[in-house]
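The values are calculated or read from the model by the stated rules, or taken from the named source; none is laboratory data. Here the structure is a predicted model, which is why all the values come from computation and not from measurement. Every residue, glycine as well, gets a Cβ built from its backbone with ideal geometry; the counts of neighbours run over all protein chains shown. For the accessible areas, the whole protein counts, side chains as well, though only heavy atoms, and no ligand, DNA or RNA atoms are used. Shrake-Rupley method; radii C 1.70, N 1.55, O 1.52, S 1.80 Å.
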Amino acid sequence: MQAINPQRPGLSLRHWPGWLADADAWLAELRHQVPWKQEAITLFGRTHDLPRLTCWMADPGCHYRYSGIEQQPVPWLACLAPLRQRLESLCGHELNALLLNHYRDGNDAMGCHADDEPELVPDASIVSISLGASRTLRFKPKPRSPLAAGSDALNLELGHGDLLVMDAPTQQHWLHELPRRRRVQSLRINLTFRRLMRSV
Ligand SMILES: O=C(O)CCC(=O)C(=O)O
């Protein structure tokens with residue numbers, strides 16, 4: 001299967017629409033087996049629920065903090081082991097952590113961010129699998145990026161079973177977000193496998 005490679009300066013993406021076989025079974029299994037959590041963040045003294053459910057799975061020693069939340073890992077689901085191995089072969093390095101996001105409908109979303117936290121191994125790929133409702137992942141250039149600033153944003157439609165690999169130096173030059181899409185009434189689950197530094 002041939003990957004699609006959208007072109008922008010400093011952006012390195014590989015997108016395989018419909019890559020995952022048995023996407024329906026994965027969606028049903030993850031929806032029910034993952035211990036989903038409603039996290040909240042405090043901004044300017046006010047606490048808000050995140051507009052999605054999340055779950056963080058990681059190897060021992062992999063700690064991660066984003067949106068001000070220290071993620072407490074749960075053990076890996078056994079059913080994910082073969083998928084993780086396949087994705088590690090594809091990107092050529094280990095993937096020791098996984099963030100799962102559950103968007104209940106089009107009112108759930110994710111704000112603009114870069115996945116460039118210091119806990120992430122620099123230059124490691126981020127590998128994303130999408131299940132369920134089709135949603136747009138929007139890439140915007142970082143305003144201070146010498147390579148990307150001034151480039152047009154890129155809208156990538158991610159459908160059921162799609163695989164997206166974000167390779168270096170994407171996180172250095174681009175932000176991404178999953179905007180609300182009010183007319184979407186069904187759920188979407190997204191998995192982003194990452195490589196984190198280990199602190200023992
Ligand atoms: O749901 C998506 O496709 C985006 C997820 C994402 O940006 C993240 O997990 O950092």
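Some notes on this structure:
- Among the residues of the range 32-86, those identified as among the basic types (Lys, Arg) and at pLDDT below 95 are ARG46, ARG65.
- Some residue of the range 86-103 being free of Cβ contacts under 8 Å to residues at least 24 places away in the same chain and within 19 Å of ARG188 (Cα to Cα): no
- Number of the condition not met by CYS79 [criteria: (1) within 14 Å of the ligand (Cβ to nearest atom); (2) over 24 Å from LEU13 (Cα atoms); (3) not charged (D, E, K, R); (4) not in a strand (DSSP E or B)]: (1)
- Residues of the range 83-98 satisfying the condition of being in a helix (DSSP H, G or I) and acidic (Asp, Glu): GLU88
- Restricting PRO60, PRO75 to residues that are farther than 22 Å from VAL165 by Cβ, in contact with a Lys or Arg (Cβ under 9 Å, 6 or more places away or on another chain) and open to solvent by 80 Å² or more (accessible area, probe 1.4 Å) narrows the list to PRO60.
- Hits in the range 89-103 (condition: more than 10 Å from the ligand (Cβ to nearest atom) and touching a strand residue (DSSP E or B) at 6+ places or on another chain (Cβ under 8 Å)): LEU90, CYS91, LEU95, ASN96, ALA97
- Evaluation of VAL165 against (1) crowded, with 22+ Cβ neighbours inside 10 Å; (2) in contact with a helix residue (DSSP H, G or I) (Cβ under 9 Å, 6 or more places away or on another chain); (3) among the β-branched types (Val, Ile, Thr) (one fails), failing number: (1)
- Unique residue being out of contact with any strand residue (DSSP E or B) (no Cβ under 7 Å at 6 or more places or on another chain) and open to solvent by 30 Å² or more (accessible area, probe 1.4 Å) when the list is HIS32, HIS48: HIS32
- Checking ILE129 against (1) out of contact with any Ser or Thr (no Cβ under 7 Å at 6 or more places or on another chain); (2) within 11 Å of the ligand (Cβ to nearest atom); (3) open to solvent by 10 Å² or more (accessible area, probe 1.4 Å), the condition it does not meet: (3)
- Members of the range 182-200 that are modelled with pLDDT of 95 or more, closer than 21 Å to ARG65 by Cα and not in a strand (DSSP E or B): ARG195
- Single match in LEU53, LEU43 (criterion: in contact with a Lys or Arg (Cβ under 7 Å, 6 or more places away or on another chain) and of a type outside the set (D, E, K, R)): LEU53
- Residue in the range 104-126 that is in a loop (DSSP other than H, G, I, E, B), more than 21 Å from GLU29 (Cα to Cα), more than 9 Å from the ligand (Cβ to nearest atom) and in contact with a Ser or Thr (Cβ under 6 Å, 6 or more places away or on another chain) present: no
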